[in-house]
1. For the stretch B:20-59, which chymotrypsin sites (Phe, Trp or Tyr not before Pro) are both in a DSSP coil and crowded by at most 16 other Cβ atoms within 10 Å?
2. If I stretch the segment between A:Gln181 and A:Arg237 completely, what's the gain in nm (0.36 nm per residue apart, minus their alpha carbon distance), one decimal?
3. Would you mind checking which residues have amide H under 5 Å from A:Met144's amide H? H placed 1.01 Å from N; only 5 or more apart, or other chain.
4. Could you size up the charge dipole of the stretch A:118-228 around its Cα centre, putting +1 on the beta carbon of Lys and Arg and -1 on that of Asp and Glu, and report it in debye to the nearest 20?
5. In what sequence, highest mean first, do B:9-17, A:83-91 appear when ranked by Cβ atoms within 10 angstrom?
6. List the GluC sites (Glu not before Pro) within the stretch A:176-216 that DSSP assigns to loop and that have no more than 13 neighbouring Cβ atoms inside 10 Å.
7. Taking 7 Å along the Cα-to-C-beta vector as the label spot, tell me the B:Ile91-B:Leu42 distance in nanometres, rounded to one decimal.
8. So, R0 is 35 Å and r is the distance between the beta-carbons of A:Gln109 and A:Ala29; what FRET efficiency does that work out to, to 0.05?
Amino acid sequence: MTNENKAVLPLQNEKVSMQYRHHKLAEAAVQREILEHGRNGSDTMVPFQQKLSESGLYPLHPTGIQIFQLNVGKVCNQVCRHCHVDAGPDRREVMSRDTMRQCLAVLQQHPEFSVVDITGGAPEMNPHFRWFVEEVSKLNRKVMVRCNLTIILANKSYHDLPQFYKEHGVEVVSSLPFYTQDRTDRQRGEGVFEDSIKALQWLNDVGYGYENSGLVLNLVFNPAGAFLSPPQAQLEREYRKALLDNYGIRFNALFAITNLPISRYLDYLLQSGNYEKYMDKLVKAFNPVAAAGVMCRNTISVGWDGFLYDCDFNQMLDLKVSTAAKHISSFDAMALNSREIVVCQHCYGCTAGAGSSCGGAVT
Amino acid sequence: MNENHYYNAEDLQKFGSIGEFQQPLAEKFFGWYGEVFKDSELSAREKSLIALAVAHAVQCPYCIDAYSSDAFEKGWSEAQMMEAVHVAAAIKGGAALVHGVQMMNKVKEIAM
């Protein structure tokens, strides 16, 4: 076996990011090209802009920034097959404390940004994570952390995360693609379901997920395949029953999120031959009501390096905000609130059916 | 039009067009169909699995495509779906075999 072959081996195991494997889809420009013109450059899909125009929504403008979302890094203890961030243990991009300070300064100047939504990767793996949560919790905002659950069990230094979250009144949003082991492990890796269940029990133990405890634990469903989410309310009932009956777990709400054709999920769609059918499904399910309520209208997304985006998906496609100032260091709220939101074919993912956002269905 | 086969997967998407020839009855059918599959005494999820089994019993390729996707999307596992198909097959097999009693009755009637 040559050295070259050895280097390729992790590809089959998929325990590393696409970037580590030098996969062509690790390049945002390659993804954008496929999304705009199809895999053979001959796509005839209706442009998203045209769909928005027909609904009187183009160009798309913000309704007012309320959610300040930070992606604090691409490092993660998991390598999920559907990850739009291409996160993994081999990634090195993490938000610096200086950039976090700049975010805190912006938040201080803008009390109208009522929600601080922290995501990653596994945000807890950023070395400044706890410091940032402590600082931001002093600003009297709702603080959400998108926790992959398994990080809590990953090693002893994370075991106290439920207590840490409780002390700072953090709302925990946790991915659990399904209430059965099979589907969860297929998407997120072997053993993830079992660890996720334990982590949820630990969160329950400190009071998370109980009504009136004031400690909110919301779950996130992602379809494990090339299909759309079932209705969110129905799914929530099934999750609630299965998790309580089988594991004694309680949670507050379930968010059903559509997978967007970006990064590793795009790779999955292309490799499994589902790309065209999936995109067709998204286009056919375009819902003007969902389009009017898309999350980019009240969100600003900050990347690990301080650049600003309309959402976490645009961030991964390297589509920065359309304003002249594109970095947290030159944050211009007035310009951002009147900007034109950058849209592309992947946006069909947020407007299909009941719609999809980081908070689940939008209609 | 390809006349060398009877089934075309793309025809499933055209199901709604049966109203072109008889609109009032089509409207009644699709309205009733939609009501049948709503959450009620049985959940939409349970109904999807029943539909999958029936699709196999009536051997309708369109229905099998539609309810394989629908049942999986509604959270049934591959093993559960295959068990539903076995239920359909067992009933079909049993339905054939139970006529063996009729055969026996007839033979006994005429045999010495």
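None of the figures in this text is laboratory data; all of them are computed from the coordinates on show. Quick caveat, the model's predicted, so the values are computed rather than measured. Cβ coordinates were reconstructed from backbone atoms using ideal geometry, including for glycine residues, and neighbour counts include every protein chain displayed.
1. When the chymotrypsin sites (Phe, Trp or Tyr not before Pro) of the stretch B:20-59 are filtered for loop state and at most 16 Cβ neighbours within 10 Å, B:Phe21, B:Phe37 remain.
2. Stretched fully, the A:Gln181-A:Arg237 segment lengthens by 18.4 nm.
3. The list, which skips near neighbours in sequence, is A:Val116, A:Asp117, A:Ile118, A:Glu171.
4. 260
5. Descending packing order for the listed peptides: A:83-91, B:9-17.
6. Answer in residue order: A:Glu190, A:Glu211.
7. For B:Ile91 paired with B:Leu42, the spin-label model returns 0.8 nm.
8. That gives a FRET efficiency of 0.55.
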